[in-house]
Amino acid sequence: MIQFKKTVASYIEKAVNVSFPGSELTASDFAAMLEYPPDTSMGDVALPCFKLSRSFRKAPPMIAETLAAGEYGPEISEVNAVSGYLNFKISNDYLTKDVLSAVLEKGEKYGSNESGKGKVCVLDYSSPNVAKPFHIGHLGTTVIGHSLKLLHEFAGYECIGINHLGDWGTQFGKMIVAFRKWGNKEEIEASGIDGLVALYVKFHAEAEADPALEDEARAEFKKLEQNDPENIELWKWIIGISLKEYEITYGQLGITFDSYNGESFYTDKMPAQVQKIRDAGILKIDDGASIVDLEEYGMPPCLILKKDGSTLYPTRDIAAAVYRKDTYKFDKCIYVTSAGQSLHFAQWFKVVSLMGYDWENSLIHVPYGTVSIDGAKLATRSGNVVLLRDLFQQAIDKVNAIIDEKNPDLPNKAETAEAVGVGAIVFHYLFNNRIKDINFSMDAALSFEGNTGPYAQYTYARTCSVLSKAGDFDRSAVPSLTEPDEAELLKVLALFPEKVESAIKEYEPSVITRYIIEVCSAFNRFYHNCQILSAEDEGVKNTRLLLTEAAKITLGNALRLICLKTPEKI
Ligand code: ARG
């Protein structure tokens, strides 16, 4: 519809020049003023004339009526002035010639744009803390982050996905002590992260009775920091065990990263940045620790060095940002984390600008809300931890049972169950505004009815099945629309490019998720009300097949942008 708006706006500009000479408003001003009426029976786009009344010195209804008498081209089938609004209806001719042909021609590229051409976007997401459970709290950063990466790629950006692993810190001293005391290599290799977490839990239980263990852990971490070869080897092994498990989950989601440079990678890059903060004259000693005072900016101080000189989370992030700017020359660097970290990012973004760097505005924090499952809040420490791996498996099992019951002969059963089960969870999660707290309900996510992933993937599979039953058809035949549901479907498909734009502008994948439901409803209405394969007229059948193909293309592109797979049969 962006194109349609532009076309309408250029006619409005001409009509204004005739009726209100001297106006300085241009077609692009009018394009920005055009709205979508809540009720499409009034029109497909509308110009509210209220803002024009002062400069045109006329009442809005008069302006609308005057402009309605202007000259409009074949793209517009009706122009009406109603209570200060100028309403336009899109013509069927435009829908088939411009919209339908654009979708079919662009195919996998339909909806994309080139706003990011020549630009680099770094995305820091997922970033779990090694040797700790990868739980449902990480779902947000993982799927919002990856969807934003796909959206930016769709807009022509060169994207670099970074998994900023939490792979450094005193917890590794604890792991090393615990492993040497109670661990067994083969057992842990067989049990994966579970074995590591069990060791970690045991360490804390034992340390309560014997606080000397904490000192031992500190000493082991110190040795690790000093590159003790045995500790380094053990540390690498622990990371390897964790990564192996993350990669299973990433594989189910179709996610790959361009870099796994975690916190440890920046250890030798921090001193130079600490020096730079000092040189900028903003480093203050406060009770032995080194801080940057941010009172002037309404924030608590940013901690740079602890009393003992060791570095902190913000210090690492500052060094990482400088390294990424130097290495990737990014135009944007996006961080996706829970809203609980918003202050942390605001603080160190400010420090970066106080250090004299001029790219603070290209650092973007994208926060998201908390997740609870069927009502119970999830906290890592409460023991009520739902692992992402288990959540996915539960969904996959349920889908498998449904397939066994309804479609036991389905080929690629395992692959499809995984795509639908995992997809259901992702879709359910990405349906909400990211900043809202979410209550996760497995039953709602897995339902084949309503605003769900299975419903969307099922609709996609329906388009595939119609097309495969149709076999070859005449793609060059001139389409012509006969039923209102055909036009309505095309109008929805026409919205995709601007949905992509606003999802990127707002860093909000839910714009796409909700749009997918709009496409599904429009397609299903068309499917139920218009005969496709059994249409008597060859021309009508051809047009409907083209529409089905356009719906398939749009749905497929949109589903992939939110990390869902698109099985052709369910
Ligand atoms: N590992 C951190 C956590 O689990 C998230 C890291 C986010 N990225 C960053 N550059 N700070 O809370």
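The values are calculated or read from the model by the stated rules, or taken from the named source; none is laboratory data. Remember, it's a predicted structure, so these values are computed and weren't measured experimentally. As a convention, Cβ positions derive from the backbone with ideal geometry for all residues, glycine included, and neighbour counts pool all protein chains shown. Ligands, DNA and RNA are excluded from the accessible area calculation, which covers all protein heavy atoms including side chains. Shrake-Rupley method; radii C 1.70, N 1.55, O 1.52, S 1.80 Å.
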Scanning the range 306-335 for residues that are touching a residue at least 60 places away in the same chain (Cβ under 8 Å) and more than 8 Å from the ligand (Cβ to nearest atom), which turns out nearest to the chain's Cα centre (by Cα)? ILE334
Restrict the check to the range 247-255 and report whether at least one residue is within 25 Å of ILE160 (Cβ to Cβ), modelled with pLDDT of 95 or more, in contact with a strand residue (DSSP E or B) (Cβ under 6 Å, 6 or more places away or on another chain) and surrounded by 21 or more Cβ atoms within 10 Å (Cβ to Cβ). no
Which members of the range 245-293 meet the condition of being within 15 Å of the ligand (Cβ to nearest atom) and aliphatic (A, V, I, L, M)? MET270
Could you list, in sequence order, the residues of the range 152-164 that are assigned to a strand (DSSP E or B) and either open to solvent by 30 Å² or more (accessible area, probe 1.4 Å) or of a type in the set (Asp, Glu) (or both)? GLU158
I need every pair where a residue in the range 33-48 that is in contact (Cβ under 8 Å) with a residue 24 or more places away in the chain and among the acidic types (Asp, Glu) has its Cβ under 6 Å from the Cβ of a residue that is in a strand (DSSP E or B) and surrounded by 13 or more Cβ atoms within 10 Å (Cβ to Cβ), sequence separation at least 6 or different chains. ASP44/LYS89; ASP44/ILE90
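Just to check your reading of the model, which residue among ILE162, ILE63, ILE90, ILE144 is more than 24 Å from PHE330 (Cα to Cα) and in contact (Cβ under 8 Å) with a residue 60 or more places away in the chain?
Working: ILE162 fails: more than 24 Å from PHE330 (Cα to Cα); ILE63 fails: in contact (Cβ under 8 Å) with a residue 60 or more places away in the chain; ILE144 fails: more than 24 Å from PHE330 (Cα to Cα).
Answer to the check: ILE90.
Just checking, how many residues over the range 439-471 are open to solvent by 20 Å² or more (accessible area, probe 1.4 Å), small (Gly, Ala, Ser) and more than 15 Å from THR548 (Cβ to Cβ)?
The total comes to 4.
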Show the residue pairs that are 6+ apart or on different chains and have beta-carbon atoms under 6 Å apart, the first residue being within the range 165-194 and part of a helix (DSSP H, G or I), the second being within 16 Å of the ligand (Cβ to nearest atom) and open to solvent by 10 Å² or more (accessible area, probe 1.4 Å). ILE193/GLU245
Looking at the range 17-44 only, could you name the residues that are more than 32 Å from the chain's Cα centre (by Cα), at pLDDT below 95 and open to solvent by less than 40 Å² (accessible area, probe 1.4 Å)? PHE20, SER23
Tell me, please, whether a residue that is open to solvent by less than 50 Å² (accessible area, probe 1.4 Å) and under 29 Å from ILE160 (Cα atoms) can be found in the range 281-299. no
Which condition does SER372 not pass, out of (1) within 16 Å of the ligand (Cβ to nearest atom); (2) touching a Leu at 6+ places or on another chain (Cβ under 7 Å); (3) over 21 Å from TYR266 (Cβ atoms), if it passes all the others? (1)
Quick one: would you say ALA59 is more than 23 Å from LYS97 (Cα to Cα) and among the aliphatic types (A, V, I, L, M)? yes
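Those residues that are over 16 Å from ASN17 (Cα atoms) and either free of Cβ contacts under 8 Å to residues at least 12 places away in the same chain or buried (at least 19 other Cβ atoms within 10 Å of the Cβ) (or both), I need them from the range 49-58; list them, please.
ARG54
Name the residues in the range 336-366 that are among the aliphatic types (A, V, I, L, M) and more than 24 Å from the chain's Cα centre (by Cα), would you? Before you say what the answer is, go through the steps one by one.
To start, the set of residues in the range 336-366 that are among the aliphatic types (A, V, I, L, M) comprises 336, 339, 343, 346, 351-352, 354-355, 363-364, 366.
VAL351, VAL352, LEU354, MET355, listed by residue number.
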Scope the range 353-369; condition open to solvent by less than 40 Å² (accessible area, probe 1.4 Å) and either more than 13 Å from the ligand (Cβ to nearest atom) or among the aromatic types (Phe, Trp, Tyr) (or both); matching residues: SER353, MET355, TRP359, SER362, TYR368, GLY369
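Filter the range 104-138 down to the residues that are among the aliphatic types (A, V, I, L, M) and near the ligand (Cβ under 10 Å from one of its atoms) and list them by number. Before the answer, list the steps.
First pass over the range 104-138, keeping only residues among the aliphatic types (A, V, I, L, M): 104, 120, 122-123, 130-131, 136.
Correct list: VAL130 only.
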Conditions (1) open to solvent by 20 Å² or more (accessible area, probe 1.4 Å); (2) over 27 Å from ASP437 (Cβ atoms): number failed by GLY137: (2)
Taking ILE570 as meeting all but one of (1) in contact (Cβ under 8 Å) with a residue 40 or more places away in the chain; (2) β-branched (Val, Ile, Thr); (3) more than 30 Å from GLY251 (Cα to Cα); (4) open to solvent by 20 Å² or more (accessible area, probe 1.4 Å), write down the number of the exception. (3)
